[in-house]
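*Asks:* Take this structure, written in structure tokens, and hold onto it; I'll ask about it next.
The values are calculated or read from the model by the stated rules, or taken from the named source; none is laboratory data. Everything quoted here is computed from the prediction, not taken from an experiment. Here the Cβ positions follow ideal geometry from the backbone for every residue, glycine too, while neighbour counts run over all protein chains shown. Surface areas here come from the heavy atoms of the whole protein model, side chains and all, with no ligands, DNA or RNA. Shrake-Rupley method; radii C 1.70, N 1.55, O 1.52, S 1.80 Å.
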Number of protein chains: 2
Amino acid sequence: MRMNATWGKVAMIFMFGLLSGANAQPQTSATLNLMPWPANVQQGSGALKIDQSFAIAFTGYTEPRLDRAGQRFVDRLHRQTGLLLANKGGDAAKATLVVHTDKASKEVQELGEDESYTLEVTSQGAKLNAANPLGALRGLQTFLQLVDVSPNGFAAPAVSIKDQPRFAWRGLMIDSSRHFTPLDVLKRNLDGMEAVKLNVFHWHISDNQGFRAESKKFPKLHGSGSAGLFYTQDEIRDVIAYARDRGMRVVPEFDMPGHSTSWLVGYPEIASGPGPFNIDQDWGVMDPAIDPTNEKTYKFLDEFIGEMTKLFPDHYFHIGGDEVNGKAWDSNTKIQEFKKAHNFKTNEELQAYFSGRVQKLVNKHGKATIGWDEIFVPGAPKDIVIHSWRGPKALAEAAKQGYQGILSNGYYIDLMWSAARHYAVDPLSGDAASLSPDEQKRVLGGEATMWSEYVNWENIDSRIWPRTAAIAERFWSPQNVTDVNSMYTRMENVSEKLEWIGLTHKSYYRKMLQRIAGPATPEEFAALKTLVDVLEPVKDYTREQTATYQANSATPLNRVVDVASPDSDVARHFDNAATAFVSGACKDAATSAQLRAWLLKWQANDAALQSLAQKSSLVKEVAPNSQDLSAVAGIGLAALDAISQGTKLSDDAKAQAAAIIADAGKGKAQLLLVPTSTIQKLVDAASNGGACAGKN
Amino acid sequence: MRMNATWGKVAMIFMFGLLSGANAQPQTSATLNLMPWPANVQQGSGALKIDQSFAIAFTGYTEPRLDRAGQRFVDRLHRQTGLLLANKGGDAAKATLVVHTDKASKEVQELGEDESYTLEVTSQGAKLNAANPLGALRGLQTFLQLVDVSPNGFAAPAVSIKDQPRFAWRGLMIDSSRHFTPLDVLKRNLDGMEAVKLNVFHWHISDNQGFRAESKKFPKLHGSGSAGLFYTQDEIRDVIAYARDRGMRVVPEFDMPGHSTSWLVGYPEIASGPGPFNIDQDWGVMDPAIDPTNEKTYKFLDEFIGEMTKLFPDHYFHIGGDEVNGKAWDSNTKIQEFKKAHNFKTNEELQAYFSGRVQKLVNKHGKATIGWDEIFVPGAPKDIVIHSWRGPKALAEAAKQGYQGILSNGYYIDLMWSAARHYAVDPLSGDAASLSPDEQKRVLGGEATMWSEYVNWENIDSRIWPRTAAIAERFWSPQNVTDVNSMYTRMENVSEKLEWIGLTHKSYYRKMLQRIAGPATPEEFAALKTLVDVLEPVKDYTREQTATYQANSATPLNRVVDVASPDSDVARHFDNAATAFVSGACKDAATSAQLRAWLLKWQANDAALQSLAQKSSLVKEVAPNSQDLSAVAGIGLAALDAISQGTKLSDDAKAQAAAIIADAGKGKAQLLLVPTSTIQKLVDAASNGGACAGKN
């Protein structure tokens, strides 16, 4: 489900509370580029050289999945190093890396299966031991993260790791309805999930804007509800097999009774209102809903759930359940009569009735229900899982009543938060922190959610990665792993490695900028990149709220807001430097020079950008952002001058700066100029000259 | 065939001659980013807006290939613009672009088929007319190149184009033997070829290092000769269909009697020397050769050619024929006796006998032979095509005797020449320039050749593109289209567009640098990029000649020499600026400032680079290049200072500069520091102060 604006605000306030309350623990080691950070790490001395003689061998329990994992591992290692690896034979006595697996895992991957492993790397070789193939898969990814170029060629540092996840449910949801996700895009993201040890792919496969799964029993679902963009059952089985190979479950979501316009296009007979229906093109919460009072609905759903629970082998079946606005029910007299007859005072009670019946159908077909907060109704069967978009409070409430749940509130990656902000969210924080140990066990983990209004094949990777790696660490690593600087250092390294498996979250950037720049000179292109490097899309639902037109599924995603990173690396590095400078009493000359170089570049950048804006309408949109960057850079330079000369900014200068900074701080073209707040820090240091100089 | 070092030198001297003699004609218009430049262009006023309402319609003759071309066109346009194109229906009255095709082309594409088209673009719409589908395909690519972002969204400028190729044979050869070319890599390069109107994919599919085509008659050819890396016949048919869809012929090359070790692994009975044979791992000219004196050989080749001419429908069958060193023949007494019996004085005569017999076999199976210079022997059938690696002289000689030929000398893209250097080579230059008009018609065109010793899936695109676009222009455009600056401007634009079809010649760069950089800080990574941006791999066969170890098929291609561009954009822009500055009497202050900014950046770059060199062995290799860059930048700055102060460099300073520049000019780590020669220009201007200031 997509948080609406009200909930977004509540969540935001809540998150800021969390952020400031977060208790950052130092990492045991900052030199290993591992993410998620393992439960236990001990660094040794020396390193294992990786060269062409590298070979991997599997001992103990084996299966074709492990063979394929070995092949994939060698291919990854080749891509990552450029080395042509002999990998001859599978002789454990001669292998560089020996993987020992004790026994098989379950035929259909289950919630809570053992994923632990140990990994010993010495200069002589490496040993990976796991109880079952899942642990082996996790350990192989850890090994790949250890390998990097060194002063002596490629190597993995000596290390002893004993690792297991904190939470059993570590997911990524992808919404394939609002924008269809091509199969190759899905698969490369599953590869990314494997790399950071996520284990649930939650496939949001139907919504108002498209029914993307082929149904053989009800062919008008995808036939009339997808405009031809759907996954065949063979393709779905292929994705499931692909996920299983990577130690991941696939949980499908068929959202009902709301978010269901696409169902009703082909099957208006189960709708609450009169048809005909068309696939929704627009974004937002829609009125159409399935009729919960019609026995035809349950007959339909019985057959449909029967078909889909056979297609998707996972034990859990996600029925959505979110955001029913009730309008279709209110305007249907038959439904009103039904409510009266059943003594339902509210639409929530009517939905509870619906949820209860659907949960029984899911159980009848041998599965358990998962759904958004709304399915948590009195008398719900104890085997359901509450998927909380509302927050930890709702999750804690459920846990107290004996229900299991997972958290997505705080992990909505479509909201363009920084990795740090997501990283500060813990499934066992807030109300959940005071749960008893037994109650806490019911909090199974969480899921990052990629709602797809503003992502397509081209930029989706950049909205999922690398931030989801930080969220994956939150789900896997011990609760006290919270150092944000360490997280960013490791995330930047992992981000580079993720491109070797085919993700495009970094390489998309230059290409999309080039389209925006069009016939630019090299200098003009550089100016555009310099500007966009420090812009971020506006956060939460501000994009909708500030839109000058109604965005929909036909809106091109080719603007600067579609390419700018949600978490600017350059702005973060600038802020880190400025923060260190100011807190170091503004004394460090090297940092001062570095800050000055940034500011001079930004100040001078506007000329070439404005020239390009005359040629490209897509650049013209960000011309005001560029003027702002130039202006605030000028303020930053004046502040630096004042600091270096030991003078204090005048009140006039301060007031003028404050006005410019306030204006630049506003979102323009749905983009935020991130360095603005950092420049305010320099102004504060300069104007509060006493404080900055006072530390001398 | 691969030019050996002697020939390389001859070619180089020849080319420099050509370069200086080239007669640069001004372009009629520099504002259209078209490549190859059309035969006739007239710019109109206004532009055709491209938005979501865009639709394409086909009239006249139609076929499924045109439908697919339309679909591919719409997909390309979407990728290039980010617009979701409705493209509803095929109603010519409402379409934005109407493509009219008169009649079908040949069922199997033939040499010399009509590829002409006309394209009229006005603010109201566009019309593309072609005699057959080949012309329509060419015109669609022209239209795609016209579309770019403008002050008013995406648009194509109003233009009237009447276009046809200068040469009928415009090819790219890819060597899939030395490094296997994965199918997806091949296909994206075929897409690139289509984009620049090439029409022959010459597939060098067997050589000493691998026999890559499945043979059902002789399964040990690929079975024993490819280490498992071969194309099945289905895959080959798929590639041929893919090429036909794009208006391209596929000419296979089975190189014989030399370059054939991989054949002999499975079939030693047709070898000139005793077996057993192993697939060659090393690069270079090898001794093994097919036995031209054994009737078994011709029986084998009859059956083999029969099979392969059925698989490859093109009329031409390439039999290689190059670089037989004769050692296997000299050491076989039976072959010596055969030579005596036939009164063959030389091995060349023996090879001529072999060529003649193979040419007859090719004719017997309904095809004509193409082969390298060596197949041009007295009495050769008149239907053969001479593929000249030796140069225009050989080509002219053949044309005089009534033989057709194509040129590859000068288009060896593995030799790391700049685009300008390839661009200056004309198939009808040198001895060919003085041919009679009828003789000139026998020069059919040329081929760029991608020999694959130093390319794999990762960097091959960057060695083919964008330079091959300049060669494609040489083959397509009128002979007087020779302006190098215009070529580079247009090539840089086309290069960006080529990435939208999946080529990775630009995006590979950051990724390979990242692997080399390993655990770099952002500043260190930037320093590495700044350095590599101005390095080029050494030219011609210097890489082999300066190697400290014997490179072979197991050598990793992960060094800076494997990533550095063959034609540095930054160094070219720097040189253009410096050349303009010096020729403008060193007066332009803005250019002076620009040059100073470059030089300051380079001078300061070494510190971060050396720091990174301590962490990465792959960076350490280029640490001397970085010191050189810093040193020559210092010299450049001193020269600029002297110029701006109106002083003259002392003889001592000049001598010192000369020594440093001479040292920096040497290849190090098999890389050239390109700005060195430009900095010499600044030194000349400064020391010859009179000349530079004299223009004031």
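*Asks:* Across the Cα atoms of the protein assembly as shown, what radius of gyration and what greatest pairwise Cα-Cα distance (Dmax) are found, in Å?
*Replies:* Spelled out, the Cα radius of gyration and Dmax of the protein assembly as shown are 33.8, 112 Å.
*Asks:* OK, next. Could you state the orientation-averaged shadow area of the convex hull built on the Cα atoms of the range A:626-696, in nm² to one decimal? If you can, show how the numbers build up before the last one.
*Replies:* Working: hull surface 17.4 nm².
Projected area, direction-averaged: 4.3 nm².
*Asks:* Something else: When all C-alpha to C-alpha distances in the range B:510-551 are sorted into bins of 5 Å, what percent of pairs does each bin hold, rounded to whole numbers?
*Replies:* Here the calculated profile for the range B:510-551 is 5, 20, 21, 14, 18, 15, 7, 1.
*Asks:* Here's something else I'd like to know. For the range A:649-658, just list the computed ³J(HN,Hα) in residue order, Karplus coefficients 6.51, -1.76 and 1.60, θ = phi - 60°, integers in Hz, with x standing in for Gly and Pro.
*Replies:* Per residue, the Karplus-derived 3J(HN,Hα) values read 4, 5, 4, 4, 4, 4, 5, 5, 4, 4 Hz.
*Asks:* Now for a different question. With every protein chain left in place, what is the accessible area per residue of the range B:180-224 in square angstrom, probe 1.4 Å?
*Replies:* On a per-residue basis, the range B:180-224 sits at 22 Å².
*Asks:* Further question: Run the simple label-point estimate for B:SER677 and A:THR521 please: 7 Å along Cα→C-beta, distance reported in nm.
*Replies:* 2.4 nm
*Asks:* Moving on to the next point. How many nanometers, to one decimal and shortest first, lie between the label point of A:GLY402 and those of its other copies, if labels sit 7 Å from Cα toward Cβ?
*Replies:* Inter-copy label distances (nm, one decimal, shortest first): 10.1.
*Asks:* Could you bin all the Cα-Cα distances of the range B:125-170 into 10 Å bins starting at 0 and give me the percent of pairs in each, rounded to whole numbers?
*Replies:* Reading the bins upward from 0: 22, 50, 22, 6.
*Asks:* So what's the range A:345-432 giving for Cα Rg divided by 2.2 N^0.38 Å, two decimals?
*Replies:* Numbers: Rg = 14.5 Å, N = 88, 2.2 N^0.38 = 12.1 Å.
The reported ratio for this selection is 1.20.
*Asks:* Beyond 32 Å between alpha-carbons counts as too far, so tell me which of B:LYS220/B:LYS668; B:LYS106/B:LYS360; B:LYS49/B:LYS601; A:LYS601/B:LYS497 fall in that bin.
*Replies:* B:LYS220/B:LYS668; B:LYS49/B:LYS601
*Asks:* Here's another thing I want to ask about it. Over every pair of different alpha-carbon atoms in the range A:135-205, take the mean of 1/r and invert it; report that Kirkwood radius in Å.
*Replies:* 14.4 Å
*Asks:* What residues in the range A:135-153 lose 40 Å² or more of accessible surface when the other protein chains are added to their chain alone (1.4 Å probe)?
*Replies:* A:VAL149, A:PRO151
*Asks:* Am I reading the B/A interface right? What is its buried accessible area, both sides, 1.4 Å probe, to the nearest 100 Å²?
*Replies:* 3500 Å²
*Asks:* May I pose another question? So in the protein assembly as shown, what percent of DSSP beta bridges are antiparallel if you round to the nearest 5?
*Replies:* Numbers: 58 of 145 bridges.
So the antiparallel bridges amount to about 40 percent of the total.
*Asks:* Under Stokes-Einstein, with the Kirkwood radius over Cα pairs standing in for Rh, what whole-number D in µm²/s applies to the range B:456-525 at 20 °C and 1.002 mPa s?
*Replies:* Estimated via Stokes-Einstein, D reaches 154 µm²/s.
*Asks:* Show log10 I(q)/I(0) for the range A:532-691 at q = 0.09, 0.12 Å⁻¹, two decimals, from a solvent-free Debye sum over equal Cα scatterers.
*Replies:* So the normalised log intensities are -0.32, -0.55.
*Asks:* I've got another one for you. Taking Rh as the Kirkwood radius, which is the inverse of the mean 1/r over Cα pairs, what is the Rg/Rh value for the range A:351-399?
*Replies:* On the way: Rg = 10.5 Å, Rh = 10.9 Å.
Here Rg/Rh amounts to 0.96.
*Asks:* If you don't mind, there's one more thing I want to ask. With the label 7 angstrom out along Cα to Cβ, how close does B:GLU110 come to the same site in each of the other copies, in nm, nearest first?
*Replies:* Once sorted, the set of distances for B:GLU110 reads 7.1 nm.
*Asks:* Same structure again: Any idea of A:ARG65's accessible area? Nearest 10 Å², probe 1.4 Å.
*Replies:* Accessible surface of A:ARG65 is approximately 10 Å².
*Asks:* Enumerate by residue number the chymotrypsin sites (Phe, Trp or Tyr not before Pro) in the range B:523-556 meeting two conditions: DSSP loop (anything except H, G, I, E, B), and at most 12 other Cβ atoms within 10 Å of the site's Cβ. Before the final figure, lay out each step's value.
*Replies:* Values: sites: B:PHE525, B:TYR541, B:TYR549; in loops: B:TYR541, B:TYR549.
Counting only loop positions with at most 12 other Cβ atoms within 10 Å, the chymotrypsin sites (Phe, Trp or Tyr not before Pro) in the range B:523-556 are B:TYR549.
*Asks:* Based on the Cβ-Cβ distance of A:GLN614 and A:LYS49, what FRET efficiency does E = 1/(1 + (r/R0)^6) give at R0 = 60 Å, to the nearest 0.05?
*Replies:* 0.65
*Asks:* Another question, then. At a 1.4 Å probe, which residues in the range A:515-529 are at least 50 Å² less accessible with all protein chains present than in their chain isolated?
*Replies:* With the partner chains in place, the range A:515-529 has these residues losing at least 50 Å²: A:ARG515.
*Asks:* Rounded to whole Hz and in sequence order, give me ³J(HN,Hα) for the range B:415-430 from the Karplus expression 6.51 cos²θ - 1.76 cosθ + 1.60, θ = phi - 60°, writing x for Gly and Pro.
*Replies:* Ordered by residue, 3J(HN,Hα) equals 7, 6, 6, 6, 4, 4, 5, 5, 4, 6, 8, 10, x, 10, 10, x Hz.
*Asks:* Turning to a different aspect of this structure: With a 1.4 Å probe on protein heavy atoms only, tell me which residues of the range A:602-626 lose at least 10 Å² of accessible surface in the complex relative to the chain by itself.
*Replies:* Residues shielded by partner chains are A:GLN614, A:LYS615, A:SER616, A:SER617, A:LEU618.
*Asks:* For the range A:224-282, what does the equivalent ellipsoid look like in terms of its semi-axes, each the square root of 5 times an eigenvalue of the Cα gyration tensor, given largest first in whole Å?
*Replies:* Here the semi-axes work out to 29, 13, 9 Å.
*Asks:* First obtain the Kirkwood hydrodynamic radius of the range A:316-387 from its Cα pairs, then insert it into the Stokes-Einstein equation at 4 °C and 1.567 mPa s, and state the resulting D in µm² per second as a whole number. Don't skip to the end; give the middle numbers.
*Replies:* Working: Rh = 12.7 Å.
Roughly 102 µm²/s, to the nearest whole number.
*Asks:* Taking the label point 7 Å from Cα in the Cβ direction, how far apart in nm is A:GLN52 from each other copy of itself, listed shortest first?
*Replies:* From this label point to the equivalent ones elsewhere in the assembly: 5.5 nm.
*Asks:* Give me the number: length gained by fully extending A:THR122 to A:ALA93, i.e. 0.36 nm times residue separation minus the C-alpha to C-alpha distance, one decimal in nm.
*Replies:* Taking A:THR122 through A:ALA93 to full extension adds about 8.9 nm, to one decimal.
*Asks:* For A:GLU348 paired with A:LYS299, estimate the spin-label separation in nm (one decimal), with each label point 7 Å from Cα along the Cα-to-Cβ line.
*Replies:* In this crude label model, A:GLU348 to A:LYS299 measures out at 3.4 nm.
*Asks:* Distance in whole Å from the B-onto-A rotation axis to the closest C-beta of chain B, together with the residue it belongs to, please.
*Replies:* Of all Cβ atoms in chain B, the one nearest the axis gives B:SER507, 2.
*Asks:* Amide H of A:HIS202 versus every other amide H placed in the peptide plane: which residues, excluding those fewer than 5 positions away on the same chain, fall under 5 Å?
*Replies:* Excluding prolines and chain starts, which carry no amide H, the hits are A:LEU172, A:MET173, A:ILE174, A:VAL251.
*Asks:* Here's something else I'd like to know. How far is it, in nm, from the label point at A:SER436 to the one at B:TRP457 when both lie 7 Å from their Cα along the line to the Cβ?
*Replies:* 5.5 nm
*Asks:* Mind ranking A:680-688, B:386-394 by how tightly packed they are, going by the mean number of other C-beta atoms within 10 angstrom, highest first?
*Replies:* B:386-394, A:680-688
*Asks:* Using each residue's phi in the range B:592-601, evaluate 6.51 cos²θ - 1.76 cosθ + 1.60 at θ = phi - 60° and report the 3J(HN,Hα) Karplus result to the nearest Hz, with x for Gly and Pro.
*Replies:* Using θ = phi - 60°, the values come out as 4, 5, 5, 4, 4, 4, 4, 5, 5, 4 Hz.
*Asks:* Can you give me the pair-distance distribution of the range B:153-258, C-alpha pairs, 10 Å bins, whole percents?
*Replies:* Here the calculated profile for the range B:153-258 is 14, 40, 27, 11, 6, 2.
*Asks:* Computed FRET efficiency, Cβ-Cβ of A:ALA104 and B:LEU229, R0 45 Å: what is it to the nearest 0.05?
*Replies:* 0.85
*Asks:* How much area per residue is accessible in the range B:351-488 when the probe is 1.4 Å and only protein heavy atoms are counted (Å²)?
*Replies:* Using a 1.4 Å probe on heavy atoms only, each residue of the range B:351-488 averages 26 Å².
*Asks:* Based only on the alpha carbon positions, what is the Kirkwood hydrodynamic radius of chain A, in angstrom?
*Replies:* Radius from the Kirkwood sum: 27.1 Å.
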